[in-house]
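None of the figures in this text is laboratory data; all of them are computed from the coordinates on show. Keep in mind that what you see is a predicted model, and the values were worked out from it rather than measured. Cβ sites come from the backbone with ideal geometry, for glycine too, and all protein chains shown count toward neighbours.
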Amino acid sequence: MLLRAITFVSGVAGAALPEKSIEIGKQSMLVGYENPEDLVAEDWYVDAVRYTSILLAVAALIAPFLPTPSEGGDSDDAADDGPVVEVIQSSDD
């Protein structure tokens with residue numbers, strides 16, 4: 001639940017302020033580079049960050065309604081019965 005809330009908040013923040021999100025990313029990922037503040041994001045990249053952030057927020061909203069493996073869903077009984085292929089014994093005895 002906490003992870004979904006953090007994901008939603010970061011998605012909304014990235015969609016509302018994509019330039020600030022890019023700045024935070026530059027500060028954290030380009031620590032060892034010289035003059036990372038001189039890098040300027042192009043318009044297509046800012047739009048891509050905005051759309052990706054919107055998708056992230058939407059995914060956080062619909063995640064509680066999706067089935068998880070722990071809920072069961074489609075159970076595969078064949079996997080519990082044993083191996084699918086029979087083991088052939090060698091006749092070299």
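I need the Kirkwood Rh of segment 6-54: take the reciprocal of the average 1/r across all distinct C-alpha pairs and report it in angstrom.
11.2 Å is the Kirkwood radius here.
Check Ala41: other-chain or 5+ apart residues with amide H under 5 Å from its amide H, H built from backbone geometry?
Here the answer is none, since no amide H 5 or more places off falls under 5 Å of that of Ala41.
Test of understanding: extend the Cα→C-beta vector of Leu17 to 7 Å, then name every residue of segment 29-46 with backbone N under 18 Å from that spot.
Inside the label zone: 29, 41, 46.
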